[in-house]
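*Asks:* Pasting a structure below so you can have a look.
Just so it is clear, none of the values below were taken in a lab; they were calculated from the coordinates. Because the structure is a prediction, the values reported are computed rather than measured. FYI the Cβ positions are ideal-geometry reconstructions off the backbone, even for glycines, and counts take in every protein chain you see.
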């Protein structure tokens with residue numbers, strides 16, 4: 001089991017490659033942690049890495065390979081960072097509700113492993129800012145990727161994207177129409193044809209071409 005007891009060990013954690021496009025260090029930055037001097041370091045690095053690999057390989061890599069750059073706004077939070085944020089009204093939900101979400105190194109009440117990152121997709125944000133409906137992206141992800149939860153926010157159509165074992169498949173938003181777009185176990189209120197029409201102009205899944213790499 002990996003232990004983080006030195007700067008060298010923290011550097012080693014940051015160097016862990018989670019997927020083709022992401023490393024663990026990409027997800028450890030925290031404004032709360034930095035401003036209030038609270039270390040944003042996992043107590044169980046192995047579980048955090050395992051959950052992060054799933055988030056990156058099954059959700060973030062496909063987004064990157066379809067839409068281009070994916071901006072990480074908030075991702076992993078230690079229990080101490082998240083608790084401080086919750087108790088001081090810094091836009092953090094309770095620790096228990098963030099297990100297997102922003103707190104990658106704790107399983108949720110059902111024993112499920114999971115990880116969450118708040119992201120912005122610039123390709124879509126540019127369109128959203130001139131009036132495109134956030135639901136176009138939500139339904140595209142619903143129809144193409146194995147997510148557990150999405151929660152959209154008004155600024156740049158940023159959203160929390162959660163991978164979790166035995167996914168719930170819920171979609172919520174603070175953008176009009178606010179509330180729950182899709183509840184766990186429910187069917188979408190739009191047909192597959194209606195959803196596809198929303199994103200008919202989207203690029204094809206994984207369509208970005210990268211330089212060949214004969215070693216991969």
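*Asks:* Under a crude label model (7 Å from the Cα following the beta-carbon direction), how far is residue 50 from residue 187 in nanometres?
*Replies:* Computed distance between label sites residue 50 and residue 187 equals 3.6 nm.
*Asks:* Compare 180, 53, 110 in a GNM of the chain, Cα atoms joined below 10 Å, and give the one with the largest fluctuation.
*Replies:* Taking springs between Cα atoms under 10 Å, the residue moving most is 110.
*Asks:* Hey, what number do you get for the chain at 222 nm if only DSSP H runs of n ≥ 4 count, each worth -39500 (n - 2.57), divided across all residues, to the nearest 500?
*Replies:* Values: 9 runs with 70 residues, N = 216.
Helices in the chain give a 222 nm mean residue ellipticity of -8500 deg cm²/dmol.
*Asks:* For the chain, just the Cα set please: Rg and Dmax, both in angstrom.
*Replies:* 17.4, 54
*Asks:* Also, I was wondering about something else. Connecting C-alpha atoms closer than 10 Å in a GNM of the chain, tell me which of 31, 11, 193 has the biggest fluctuation.
*Replies:* Looking only at 31, 11, 193, the largest GNM fluctuation is found for 193.
*Asks:* How would you classify the stretch 1-119 from its alpha-carbon gyration tensor, with a ≥ b ≥ c the square roots of the eigenvalues: rounded for a/c under 1.5, else prolate if a/b is greater than b/c, otherwise oblate?
*Replies:* rounded
*Asks:* Rounded to the nearest 0.05, what FRET efficiency do residue 88 and residue 201 have when you use their Cβ-Cβ distance and R0 = 41 Å?
*Replies:* The pair residue 88/residue 201 has a calculated efficiency of 0.45.
*Asks:* Separate question: Multiply the residue gap between residue 125 and residue 15 by 0.36 nm, knock off their C-alpha separation, and tell me the result in nm, one decimal place.
*Replies:* 36.7 nm
*Asks:* Let me ask you something else. Please give the length that would be gained between residue 213 and residue 110 if that part of the chain were fully extended, namely 0.36 nm times their separation in residues minus their C-alpha to C-alpha distance (nm, one decimal).
*Replies:* Numbers: separation 103, 0.36 × 103 = 37.08 nm, distance 4.04 nm.
Value of the extension gain: 33.0 nm.
*Asks:* Give, in nm to one decimal, the length gained when the segment between residue 72 and residue 8 is fully stretched (0.36 nm per residue of separation minus the Cα-Cα distance).
*Replies:* Full extension from residue 72 to residue 8 adds 20.6 nm.
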